[in-house]
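The values are calculated or read from the model by the stated rules, or taken from the named source; none is laboratory data. Nothing here was measured: the structure is a model prediction, and the numbers come from that model. Cβ placement follows ideal geometry from the backbone for every residue including glycine, while neighbour counts extend to all protein chains displayed. Note: accessible area is taken over every heavy atom of the protein model, side chains too, but ligands, DNA and RNA are not part of it. Shrake-Rupley method; radii C 1.70, N 1.55, O 1.52, S 1.80 Å.
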Amino acid sequence: MATNILINGEAHVSTREPMTPLLDVLREELFLTGAKSVCREGICGACIVHLDGQPVVSCLVPVGTLEGREVRTVESLAAEGEPSPLQQVMEEHDVVQCGMCFPGILMTLTSFFRERPDAGRDEVKAALVGNICRCTGYERIVDAAIALAKRS
Amino acid sequence: MARSIDDAVAALADRADATALAGGTWIMRAPIRREPPIRFCVGLTRIPELNAVDISASEIRIGACVTHARLVSALAGVRGCEGLVTAAGSAANPAVRQMATIGGNLCASAFPASDLAPSLLSLDAEVELSGPGGDERLPVGRFLERRGSLEPGILLTAVVIPRRALKSGHARLPLRKAGDYPVAIVSMTAELRGDGAVEDIRVTVGSVEASPRRWTQLEQALLGRRLDPNGAYDLAQAEAHIFTGRDGVDAPGWYRVQVLPALARRAAQAVLAGP
Ligand SMILES: Cc1cc2nc3c(=O)[nH]c(=O)nc-3n(C[C@H](O)[C@H](O)[C@H](O)COP(=O)(O)OP(=O)(O)OC[C@H]3O[C@@H](n4cnc5c(N)ncnc54)[C@H](O)[C@@H]3O)c2cc1C
Ligand code: FES
Ligand code: FES
């Protein structure tokens, strides 16, 4: 069965088994390796992408359910080669350690700030409960996010 | 992907190995639970009726495929639903809440830690089922008892909550502040008289035993008195012995029971804090 999906603005036809996780389609078929395959059970958030604009854990999304839907991955954030304001603030604050959690954190915060551009510290922390950073850089991540919220 | 309830019921009846698929957040983890992977699914999320939320003066009807995130936005500020909004908005994490549905949460058998189940039980909700033999409506508690042995081809189509002059609260204890499954849950729905006395009350306990259930002994003790969080704590302390906690990797059984009085106090606080 073929599934037509719009991925980062480009039409894609996936012929994988319908129950294949979207994460595997992204990484193995399209070589979009930004989303990471880590826990594969929805806990760590390293695989988060946007589905029709909302963050989802791509490890738990069966590709067969995606006919006609739009997926955006971390690769789309700097589409013109220019990092997004969120990416820039993370770089300025030198937040990234190993980087494993980062694609997911960027996708969570990108959609979160769209709805709550001037969010406070507690709200940012609550938004990030599904993103585990194994290098435990949480405070610096939140500091950088707050710096961005203050600019808005 | 089915387009109508009839389509889905027919497709499920047609193949013995077919499974209903809603948000997928339970089904997709089958390999991690060491269950055989599920190959043939009938997708429900594109069926329009299953995505509707209808709020009338007498009841609230929630389609089975309404996600946790949608529940929060659709029921925010609706009187009586405070506890359900807390349950839907604090279960799991934001990206899972975006996909996980109310129907999938109730139908995932062998899942003791559900937030929605005890909350809906305290709200006296009913569920509607559709199957090859027709439609049926039954209390959520009866459904939870039956869910492990549902005949193939039966779909949960909607959850219906009666509207009365109620206030509700949901107190859960995850091991971290958020993002974990709750170790124990107390959900409380009460009707208070003008003087603050309890006219009617339902208290349910989730995640402690294999299935959520009502805490009728505590309900009896609270009935007719002024609802007071510290009083609820003391009464709960005296009645907690009726539960036998399940041992799990997150917490031993005795711990789940030990925290119930504190959760009863928090649930009472939440009920009183409501509008
Ligand atoms: C990381 C993580 C953390 C979580 N934390 C919590 C938590 O704190 N609290 C909590 O309550 N839950 C939690 N969950 C569980 C989550 O809420 C459930 O996985 C989810 O609600 C299941 O819904 P779904 O739509 O994804 O179901 P699916 O996976 O699609 O289906 C689940 C089961 O129900 C059946 N089914 C689905 N819909 C119907 C229907 N309409 N009629 C008949 N059968 C149906 C399916 O066949 C399957 O057996 C967590 C999940 C994850 C991944
Ligand atoms: S890999 Fe998907 S949440 Fe961890
Ligand atoms: S930077 Fe290493 S996991 Fe977060």
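Laid out as a table, the results:
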quantity: Single match in B:123, B:156, B:138, B:173 (criterion: open to solvent by 20 Å² or more (accessible area, probe 1.4 Å), at pLDDT 95 or above and among the hydrophobic types (A, V, I, L, M, F, W, C)); calculated: B:173
quantity: Residue that is surrounded by the most Cβ atoms within 10 Å (Cβ to Cβ), among those in the stretch A:16-42 that are within 16 Å of ligand 3 (Cβ to nearest atom) and of a type in the set (Ser, Thr, Tyr); calculated: A:37
quantity: Breaking point among (1) open to solvent by less than 20 Å² (accessible area, probe 1.4 Å); (2) within 11 Å of ligand 1 (Cβ to nearest atom); (3) among the hydrophobic types (A, V, I, L, M, F, W, C); (4) under 22 Å from the mean Cα position of the chain (by Cα), for residue B:92; calculated: (1)
quantity: Filter result for residue A:136 (β-branched (Val, Ile, Thr) and over 20 Å from residue A:21 (Cβ atoms)); calculated: yes
quantity: Top-ranked residue of the stretch A:92-122 - restricted to ones that are away from every other protein chain (no Cβ under 14 Å) and in a helix (DSSP H, G or I), ranked as nearest to ligand 2 (Cβ to nearest atom); calculated: A:102
quantity: Of all residues in the stretch A:123-145 being away from every other protein chain (no Cβ under 14 Å) and within 16 Å of ligand 2 (Cβ to nearest atom), the one that is most open to solvent (accessible area, probe 1.4 Å); calculated: A:134
quantity: From B:29, B:39, residue being under 15 Å from residue A:19 (Cβ atoms), within 14 Å of chain A (Cβ to nearest Cβ), at pLDDT below 95 and near ligand 1 (Cβ under 9 Å from one of its atoms); calculated: B:29
quantity: All positions within the stretch A:43-58 that are facing chain B (nearest Cβ under 7 Å) and crowded, with 24+ Cβ neighbours inside 10 Å; calculated: A:45, A:48, A:55, A:56, A:57
quantity: Tally of residues being of a type in the set (Gly, Ala, Ser) and either more than 16 Å from ligand 3 (Cβ to nearest atom) or not in a loop (DSSP other than H, G, I, E, B) (or both) across the stretch A:43-68; calculated: 4
quantity: Selected residue [within 14 Å of chain A (Cβ to nearest Cβ) and crowded, with 19+ Cβ neighbours inside 10 Å] from B:51, B:105; calculated: B:105
quantity: Filter result for the condition that a residue is within 10 Å of ligand 1 (Cβ to nearest atom), touching an Asp or Glu at 6+ places or on another chain (Cβ under 7 Å) and more than 10 Å from every other protein chain (Cβ to nearest Cβ), over B:113, B:87, B:18; calculated: B:87
quantity: Single residue of A:13, A:71, A:89 found to be more than 14 Å from ligand 3 (Cβ to nearest atom), in a helix (DSSP H, G or I) and more than 10 Å from chain B (Cβ to nearest Cβ); calculated: A:89
quantity: Every pair of residues 6+ apart whose Cβ atoms lie under 6 Å, when the first sits in the stretch B:84-113 and is over 24 Å from residue B:270 (Cβ atoms) while the second is hydroxyl-bearing (Ser, Thr, Tyr) and away from ligand 2 (no atom under 16 Å from the Cβ); calculated: B:101/B:67
quantity: Subset of the stretch B:177-199 that is within 14 Å of chain A (Cβ to nearest Cβ) and open to solvent by 10 Å² or more (accessible area, probe 1.4 Å) - its residue that is farthest from the chain's Cα centre (by Cα); calculated: B:177
quantity: Residue check, residue B:61 open to solvent by 20 Å² or more (accessible area, probe 1.4 Å) and either within 14 Å of chain A (Cβ to nearest Cβ) or more than 23 Å from residue B:212 (Cβ to Cβ) (or both); calculated: no
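Let's see how each residue does on (1) of a type outside the set (Lys, Arg); (2) within 16 Å of ligand 3 (Cβ to nearest atom); (3) under 15 Å from residue B:204 (Cα atoms); (4) outside the structural domain of residue B:178 (by TED's automatic domain parsing):
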{"position": "B:76", "(1), (2), (3), (4)": "yes, no, no, yes"}
{"position": "B:103", "(1), (2), (3), (4)": "yes, no, no, yes"}
{"position": "B:127", "(1), (2), (3), (4)": "yes, no, no, yes"}
{"position": "B:137", "(1), (2), (3), (4)": "no, no, no, yes"}
{"position": "B:140", "(1), (2), (3), (4)": "yes, no, yes, yes"}
{"position": "B:147", "(1), (2), (3), (4)": "no, no, no, yes"}
{"position": "B:156", "(1), (2), (3), (4)": "yes, no, no, yes"}
